[in-house]
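S.K.: One structure follows; several queries about it will come next.
The values are calculated or read from the model by the stated rules, or taken from the named source; none is laboratory data. This is a predicted model, so every value here is computed, not measured. As a convention, Cβ positions derive from the backbone with ideal geometry for all residues, glycine included, and neighbour counts pool all protein chains shown.
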Amino acid sequence: MIRLLHTADWHLGQSLMGWSREEEHDRALATLLDLAEARDIDALIVAGDVFDTQNPSEKAERLFFRTLVALRRRLPHVVAVVLAGNHDPAGRIEAPHPLLAELGVHVVGRIRRRDGAVDLDHHLLPLVPRDGGATVHLLALPYLGPASLPPIDRRSEEPGSPVVRAVRAFHEETIAAARARIGDAPLVLTGHLTVGGGLESEGAERRILVGGEHAVPPDLFPDDLAYVALGHLHRPQAIGRPTIRYSGSLFPLSASERDYDHGVSLVEIEAGATRVEHLSIPHPVRFLRLPARGSLPLEALDAALADLALDVETPLDLRPFVQPVIRLDGPAPGLKADLDRIAGAHPIRLVGHLVDRPSADETATRLPESVDLADVAPADLFARAFAVEHGTPPEPAHLEAFARLAEAVERGED
């Protein structure tokens with residue numbers, strides 16, 4: 001049997017609204033190593049986005065290498081396979097490969113070719129079970145940039161996206177070459193892309209296919225693959241079948257991810273069967289929406305924070321992230337300053353805020369379906385737009401300010 005631990009989307013070096021995540025990464029990766037040792041894994045797959053930027057900081061790179069060294073010391077037999085994602089510097093992450101290979105780490109930053117075909121000596125790795133069972137082969141594919149794909153024929157009259165056709169052709173060719181070499185032995189595939197049907201995290205994940213395309217269909221991966229280890233989407237989830245899986249990120253990387261059950265995927269392959277288990281990793285710090293449901297007025301925020309009974313001695317890097325949802329009945333030009341002032345009195349880290357406004361009266365704010373702007377006074381357009389944005393009509397002071405601005409524009413003033 002081969003036992004794999006599948007993880008992805010570490011995003012080392014990430015900050016959230018200016019707050020460092022270094023302590024969280026340190027703790028989450030320590031938990032990952034504990035799980036790897038407790039489950040006695042044979043291989044670790046990191047399916048892309050190891051780093052958060054193309055130019056990772058010294059601290060981020062140090063944590064990456066420290067984690068690999070710790071893995072080697074605790075589990076000397078483990079093979080680690082690290083793939084570049086769309087956030088990663090592909091060449092930079094692959095440059096220390098000769099050194100990392102001494103630690104049992106195989107790094108794949110970009111697609112290598114030999115004689116026009118994918119170089120299987122670099123991308124196809126045998127994983128030999130310690131109990132003498134059948135060898136499992138890993139086809140290690142990183143994020144596919146434009147240079148990785150066959151020529152994209154945008155003039156073809158074939159239905160569907162030419163980019164998706166190119167991605168499909170690449171996978172068909174590469175999987176067929178792997179099969180020609182290994183026969184019907186168990187084959188694991190990696191990928192860093194969006195697969196159709198996956199649930200995305202709002203505002204957290206880029207659309208990364210070439211040419212602005214969004215996703216590939218799950219039938220890109222043939223049924224005879226033992227497992228498909230995916231990266232890019234931060235929510236742990238299976239796509240289509242249990243053996244096509246995003247492990248998800250180690251902890252919430254944005255407010256939209258705070259309720260996910262973050263962790264890693266344990267994959268056991270034996271005698272032609274694959275078992276997949278999600279292993280949770282506790283969030284290193286709390287990530288709170290305040291209130292948990294609904295919204296609260298600004299004047300109630302201070303009391304709500306006090307009710308959390310947080311320890312004022314908590315180190316800054318371990319203070320909870322808080323995203324308040326503020327109910328407003330009208331304009332609040334000083335809202336950000338008020339929130340910063342209130343939050344500053346509590347041991348929290350403010351990560352933005354949401355605003356809950358009463359629905360504007362549609363009959364008062366909606367323009368006719370077809371309107372000639374020449375027939376609508378600018379002041380009326382302003383009043384309608386203000387009501388839609390703030391849920392209340394503009395006050396006389398707002399109308400006077402708009403009138404002064406309109407007069408200045410007519411006079412050609414800056």
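Here is a yes/no grid of residues against (1) of a type outside the set (D, E); (2) in a helix (DSSP H, G or I); (3) within 21 Å of I269 (Cα to Cα):
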{"residue": "L32", "(1), (2), (3)": "yes, yes, yes"}
{"residue": "L44", "(1), (2), (3)": "yes, no, yes"}
{"residue": "Q54", "(1), (2), (3)": "yes, no, no"}
{"residue": "L63", "(1), (2), (3)": "yes, yes, no"}
{"residue": "V69", "(1), (2), (3)": "yes, yes, no"}
{"residue": "R73", "(1), (2), (3)": "yes, yes, no"}
{"residue": "P76", "(1), (2), (3)": "yes, no, yes"}
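S.K.: Something else now. Working only within the stretch 252-305, note down all residues that are free of Cβ contacts under 8 Å to residues at least 12 places away in the same chain, in the same structural domain as Q323 (by TED's automatic domain parsing) and either among the acidic types (D, E) or part of a loop (DSSP other than H, G, I, E, B) (or both).
M.R.: The answer is A292, R293, E299.
S.K.: Let me ask something else about it. Find the residue count for the stretch 4-25, including only residues that are surrounded by 20 or more Cβ atoms within 10 Å (Cβ to Cβ) and out of contact with any helix residue (DSSP H, G or I) (no Cβ under 9 Å at 6 or more places or on another chain).
M.R.: Final tally of qualifying residues: 4.
S.K.: Out of curiosity, is A332 free of Cβ contacts under 8 Å to residues at least 12 places away in the same chain and either in the same structural domain as G13 (by TED's automatic domain parsing) or not polar (S, T, N, Q) (or both)?
M.R.: In short, no.
S.K.: Can you tell me which residue in the stretch 26-50 is farthest from A255 (Cα to Cα), limited to those that are crowded, with 24+ Cβ neighbours inside 10 Å and under 17 Å from the mean Cα position of the chain (by Cα)?
M.R.: Going through the qualifying residues, I end up with I45.
S.K.: For the condition surrounded by fewer than 18 Cβ atoms within 10 Å (Cβ to Cβ), farther than 23 Å from E94 by Cα and at pLDDT 90 or above, what is the one hit in P159, P218?
M.R.: Being surrounded by fewer than 18 Cβ atoms within 10 Å (Cβ to Cβ), farther than 23 Å from E94 by Cα and at pLDDT 90 or above holds for just one of P159, P218, which is P218.
S.K.: In the stretch 374-392, which residue that is of a type outside the set (V, I, T) and either at pLDDT below 70 or touching a strand residue (DSSP E or B) at 6+ places or on another chain (Cβ under 8 Å) (or both) is surrounded by the fewest Cβ atoms within 10 Å (Cβ to Cβ)?
M.R.: Out of the qualifying residues, it is A374.
S.K.: Could you please find all residues in the stretch 1-30 being outside any helix (DSSP H, G or I) and over 30 Å from A226 (Cβ atoms)?
M.R.: Passing the criteria: G13, Q14, S15, L16, M17, G18, W19, S20, R21.
S.K.: In the stretch 101-134, which residue that is more than 26 Å from the chain's Cα centre (by Cα) and in a helix (DSSP H, G or I) is surrounded by the most Cβ atoms within 10 Å (Cβ to Cβ)?
M.R.: Here the answer is L120.
S.K.: Among the residues of the stretch 82-100, write down those that are aliphatic (A, V, I, L, M) and buried (at least 24 other Cβ atoms within 10 Å of the Cβ).
M.R.: V82, L83, A84, I93
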